[in-house]
Amino acid sequence: MTTLLYDGSFDGLFTAIFEVFEYRYLDVEISSREHFHQENIFAEIHETITQSEKSDRVLNKLEQTIGKQGVHQLLKVFLSEDSDMENLLLSAVRQSIKYPGENILQNFADSDILKISKICKSVDRERHRMTAFVRFEKMQDDVFFAKIDPDFNVLPLIRKHFKDRYQDQKWMIYDLRRNYGIFYDLETCDFFYPEEKLNLNQYQQKFHDEEKNYQTLWQRYFTKTNIVERKNMKLHLQHVPKRYWKYLTEKH
């Protein structure tokens, strides 16, 4: 058994996949250095150094066999952070090489491909819910700020949606669980990686006065219009699962 260790990045993973074929490894697994725990003391360790030219060669080859949409599906698997993600993607690449004339992502009889399909559907649901339930709050510096805590790392998948929708204001979306975010300054829309995690107490102290007034008014409105006799909690939870309530002003 050979274990390839990589830096946890998308390019790093596909560099490792390239090197599986470059060095003709057969009995192999891939793991990020962060999550690696050596259980087999006899396993050989291969340290992968991220090289974009290697990852690009794999991705370009995949684009020829499964198309851009197929590559996007594999990106979703990577962003799912599934514990078996690396080996699922390696399996997909191996199959695309073995069956170059067909889109292997449609072969649901294969257990790995079926799992990839299920993961993509779960990630898509989370992406959609993030676009629906994100709430921006106006800060003292006139930047509109939103905090999220998704089950999957969907921030890269929602960037275009918010960039297209809110082009006339500065905004920031921050992933509490993964400690990084997106910042749009009316010109660029880039990822940012703070050194320390967000302090929620300090963050709330930086609300703009308008935002405080808005939240108070919205909570009062929600209370007044919430007709107890028509309350259907089961239906409500189907549309707005409880784990998303933390994003909604009316639930605070």
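The values are calculated or read from the model by the stated rules, or taken from the named source; none is laboratory data. Just so it is clear, the model here is predicted, and its values are computed rather than measured. Backbone-built Cβ (ideal geometry, glycine too); neighbour counts: all protein chains shown. Side chains are part of the model used for accessible areas, which takes the heavy atoms of the whole protein and leaves out ligands, DNA and RNA. Shrake-Rupley method; radii C 1.70, N 1.55, O 1.52, S 1.80 Å.
Just wondering, is there one or more residues in the stretch 157-168 that are open to solvent by 80 Å² or more (accessible area, probe 1.4 Å), modelled with pLDDT of 65 or more and assigned to a loop (DSSP other than H, G, I, E, B)?
Yes, some residue in the stretch 157-168 is open to solvent by 80 Å² or more (accessible area, probe 1.4 Å), modelled with pLDDT of 65 or more and assigned to a loop (DSSP other than H, G, I, E, B).
Among the helices (runs of 4 or more DSSP H) lying completely within the stretch 1-114, list those that include at least 1 residues that are touching a strand residue (DSSP E or B) at 6+ places or on another chain (Cβ under 7 Å) and open to solvent by less than 90 Å² (accessible area, probe 1.4 Å).
Values: elements: 10-22, 52-80, 85-98.
By residue number, 10-22, 85-98.
Would the stretch 70-88 turn up any residue that is modelled with pLDDT under 95 and among the β-branched types (V, I, T)?
no
Identify all residues within the stretch 136-156 that are free of Cβ contacts under 8 Å to residues at least 60 places away in the same chain, open to solvent by less than 20 Å² (accessible area, probe 1.4 Å) and assigned to a loop (DSSP other than H, G, I, E, B); write none if there are none.
Result: V143, P150.
Here is a check on your reading of the model: is E126 open to solvent by less than 90 Å² (accessible area, probe 1.4 Å) and either modelled with pLDDT of 90 or more or over 17 Å from the mean Cα position of the chain (by Cα) (or both)?
On the way: open to solvent by less than 90 Å² (accessible area, probe 1.4 Å): yes; either modelled with pLDDT of 90 or more or over 17 Å from the mean Cα position of the chain (by Cα) (or both): yes.
When the stated conditions are applied, E126 passes them.
Can you name every residue in the stretch 170-227 that is at pLDDT below 65 and over 15 Å from K138 (Cβ atoms)?
Q219, R220, Y221, F222, T223, K224, T225, N226, I227
If you check F133 against the conditions, is it among the aromatic types (F, W, Y), open to solvent by less than 30 Å² (accessible area, probe 1.4 Å) and out of contact with any Pro (no Cβ under 8 Å at 6 or more places or on another chain)? Walk me through it before giving the result.
Details: among the aromatic types (F, W, Y): yes; open to solvent by less than 30 Å² (accessible area, probe 1.4 Å): yes; out of contact with any Pro (no Cβ under 8 Å at 6 or more places or on another chain): yes.
The answer is yes for F133.
Would you confirm whether any residue within the stretch 37-44 is in contact (Cβ under 8 Å) with a residue 24 or more places away in the chain, at negative phi and touching a Leu at 6+ places or on another chain (Cβ under 9 Å)?
The first filter runs over the stretch 37-44 and keeps only residues in contact (Cβ under 8 Å) with a residue 24 or more places away in the chain, leaving 38, 40, 42-44.
Retained after the next criterion (residues that are at negative phi): 38, 40, 42-44.
Add one more test, that the residue is touching a Leu at 6+ places or on another chain (Cβ under 9 Å), and what stays is none.
Within the stretch 37-44 (the criterion being in contact (Cβ under 8 Å) with a residue 24 or more places away in the chain, at negative phi and touching a Leu at 6+ places or on another chain (Cβ under 9 Å)), the answer is no, since none of the residues qualifies.
Under 7 Å between Cβ atoms, at least 6 apart or on separate chains: pull out the pairs that start in the stretch 46-73 with a residue that is over 15 Å from Y23 (Cα atoms) and end on any residue that is part of a strand (DSSP E or B) and open to solvent by less than 30 Å² (accessible area, probe 1.4 Å).
Listed pairs, sorted by first residue: T50/Y6.
Residues to consider are T15, T50, T2; find the one that is modelled with pLDDT under 95, within 23 Å of D82 (Cβ to Cβ) and not charged (D, E, K, R). Steps first, please.
Values: T15 fails: modelled with pLDDT under 95; T50 fails: modelled with pLDDT under 95.
Step by step, each of T15, T50, T2 is checked, and only T2 is modelled with pLDDT under 95, within 23 Å of D82 (Cβ to Cβ) and not charged (D, E, K, R).
List the pairs whose first member sits in the stretch 160-180 and is among the hydroxyl-bearing types (S, T, Y), whose second member is open to solvent by 80 Å² or more (accessible area, probe 1.4 Å), and whose Cβ atoms are under 9 Å apart, counting only residues at least 6 apart or on separate chains?
These pairs meet every condition: Y180/Y193.
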